[in-house]
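The values are calculated or read from the model by the stated rules, or taken from the named source; none is laboratory data. Since the model is a prediction, treat every value here as computed from it, not as a measurement. Quick reminder, even Gly has a Cβ in these numbers, built from the backbone with ideal geometry, and neighbours come from all protein chains shown.
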Amino acid sequence: MAVSVVMPALEMAQETGKLIAWLKHEGEQVRKGEMLLEVETDKAVLEVEAAVDGILAGITAKPGDVVHVGHTIAWLVQPGEAPPAATPVATSVRGAAAAASAAIAPAAARAGSAPRVSPKARRLAQEKGIDLSRLTGSGPGGEILADDILAAAAGASDTVQKLAQHLESRREGGLAPSIGRLMAERTTQSWTTVPHFFVTREIDAGALNEARERMLEAVERSHSVKATHTDLLVALVARTLTAHLRLNASWERGEIAVHQDVNIALAIGVDNAVVTAVIPHADRSTVGDIALRRRELTERAQAGRLQPADITGATFTISNLGMFEVDAFTAIIVPPQAAILAVGAIADRVIALNGQPAVRPTMTMTLSCDHRVASGVQAAEFMRDLGNAITSPRL
């Protein structure tokens with residue numbers, strides 16, 4: 001029996017995906033679990049595997065097409081079997097460039113029948129008080145998508161428009177990697193729609209240094225990987241989050257969604273961009289397990305071979321620039337998550353200790369929060385408990 005190959009939903013609230021490449025040819029035999037196609041999402045370019053054995057047939061989408069999630073783009077058939085009748089694939093241009101340029105349309109362009117509106121876009125429009133009749137959508141057939149609502153809500157600001165034009169010109173000239181372009185679009189959307197606030201603490205990292213030295217040999221022996229400060233921080237942050245559920249939450253469809261699982265995303269540098277890859281159940285993982293997963297994710301990210309499971313399900317993100325000798329910075333929240341922790345370098349600094357000047361290794365951490373989800377008090381309490389965990393690590 002023929003099995004449809006559909007544009008997969010690889011992220012929360014994903015509406016479309018861009019087909020980058022078919023990894024098998026029309027008429028080629030495919031085994032279950034073999035990589036079948038590459039899809040570009042808001043976070044990365046991912047490989048998608050075949051769900052069953054079969055022969056690839058009836059391809060309706062070509063590289064570069066942007067297709068709605070769930071739309072059939074090919075079939076896996078058995079020998080001698082013909083694929084069902086093809087349905088033409090409707091493609092669209094998404095992202096800040098399309099949204100900024102198509103947000104507010106003149107009356108002449110709105111003549112004729114009312115455009116379709118995606119369910120998510122309709123909810124966002126109600127939430128943000130956007131008049132749908134004044135928008136022209138960037139989706140197939142002029143459908144209004146969530147990106148169009150977000151662009152309109154931001155007032156199609158000069159910043160968004162200039163960024164969109166810049167990104168579009170770079171894309172057309174082949175100068176910007178797609179991941180970098182998508183990262184810029186996503187961070188612009190977050191910065192212009194999420195009400196950020198920040199809490200900063202400088203923490204004595206002497207005990208953290210000692211804990212890492214104690215664990216280096218054991219972790220290398222058990223997992224053949226060197227534990228880093230990041231690995232220890234992932235474990236400590238995850239365990240602290242179990243007592244601070246508002247920081248392990250999301251803003252989804254106008255409501256707070258609290259997560260029971262603690263899945264920590266790590267920001268990883270790739271070429272001229274950054275992707276976030278996930279360490280699931282980090283609160284229940286050993287430092288060795290975290291270190292091994294972190295190394296595997298880093299290798300796959302840098303090779304452009306992240307899998308869907310590598311980037312989905314994150315409930316909190318850590319961005320550590322300490323290895324680049326950055327003292328302190330603030331990070332932009334990754335929607336729909338409620339918070340992200342920015343970690344600076346551990347360095348010897350003069351501090352007051354028992355009323356006297358002393359030189360101690362310290363590091364500065366800044367928590368960025370979504371004020372719709374967490375209050376300043378809740379963020380401060382989390383940072384207090386995280387600081388205590390770092391100064392007295394139990395790993």
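The lone criterion from (1) in contact with a Gly (Cβ under 7 Å, 6 or more places away or on another chain); (2) surrounded by fewer than 19 Cβ atoms within 10 Å (Cβ to Cβ) left unmet by P63 is number (1).
This table checks each residue for (1) farther than 17 Å from N248 by Cβ; (2) free of Cβ contacts under 8 Å to residues at least 40 places away in the same chain.
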| site | (1), (2) |
| --- | --- |
| A303 | yes, yes |
| F329 | yes, yes |
| P336 | no, no |
| R360 | yes, no |
| A374 | no, no |
| M383 | no, no |
| S392 | yes, no |
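Whether a residue is under 15 Å from G17 (Cβ atoms) and modelled with pLDDT of 75 or more was assessed, and T72 passes this test. Restricted to region 237-273, and to residues there that are in contact with a helix residue (DSSP H, G or I) (Cβ under 6 Å, 6 or more places away or on another chain) and over 25 Å from R372 (Cα atoms), the residue that is modelled with the lowest pLDDT is N272.
Would it be correct to say that T16 is touching a Lys or Arg at 6+ places or on another chain (Cβ under 8 Å), hydroxyl-bearing (S, T, Y) and buried (at least 17 other Cβ atoms within 10 Å of the Cβ)? Against the criterion (touching a Lys or Arg at 6+ places or on another chain (Cβ under 8 Å), hydroxyl-bearing (S, T, Y) and buried (at least 17 other Cβ atoms within 10 Å of the Cβ)), T16 qualifies. The residues listed here are T286, T276; of these, the one that is in the same structural domain as G387 (by TED's automatic domain parsing) and closer than 25 Å to H371 by Cβ is T276. Scanning region 296-350 for residues that are under 18 Å from the mean Cα position of the chain (by Cα) and part of a helix (DSSP H, G or I) returns E296, L297, T298, E299, R300, A301, Q302, P308, A309, D310, I311. Looking at this structure, is R201 outside the structural domain of A314 (by TED's automatic domain parsing) and surrounded by fewer than 20 Cβ atoms within 10 Å (Cβ to Cβ)? No; evaluated as a whole, the condition is false for this residue. Among the residues of region 341-380, those identified as surrounded by fewer than 17 Cβ atoms within 10 Å (Cβ to Cβ) and among the charged types (D, E, K, R) are D348, R349, R360, R372. Restricting attention to region 308-323, does a residue exist that is farther than 30 Å from L46 by Cα, assigned by TED's automatic domain parsing to the domain that holds L208 and in contact (Cβ under 8 Å) with a residue 12 or more places away in the chain? No, every residue in region 308-323 fails to be farther than 30 Å from L46 by Cα, assigned by TED's automatic domain parsing to the domain that holds L208 and in contact (Cβ under 8 Å) with a residue 12 or more places away in the chain.
Scanning region 38-62 for residues that are within 21 Å of A85 (Cα to Cα) and either among the small types (G, A, S) or within 23 Å of the chain's Cα centre (by Cα) (or both) returns A50, A51, G54, A57, G58, A61. A single entry from V278, V274 fulfils the requirement of being among the hydrophobic types (A, V, I, L, M, F, W, C), touching a residue at least 40 places away in the same chain (Cβ under 8 Å), closer than 17 Å to M183 by Cβ and touching a strand residue (DSSP E or B) at 6+ places or on another chain (Cβ under 6 Å): V274. Regarding Q165, is this residue modelled with pLDDT of 65 or more, outside any loop (DSSP other than H, G, I, E, B) and surrounded by fewer than 22 Cβ atoms within 10 Å (Cβ to Cβ)? Taking the combined requirement at face value, the residue does not satisfy it. Does P280 satisfy the condition of being in contact with a Gly (Cβ under 9 Å, 6 or more places away or on another chain), surrounded by fewer than 22 Cβ atoms within 10 Å (Cβ to Cβ) and within 26 Å of V45 (Cβ to Cβ)? Yes.
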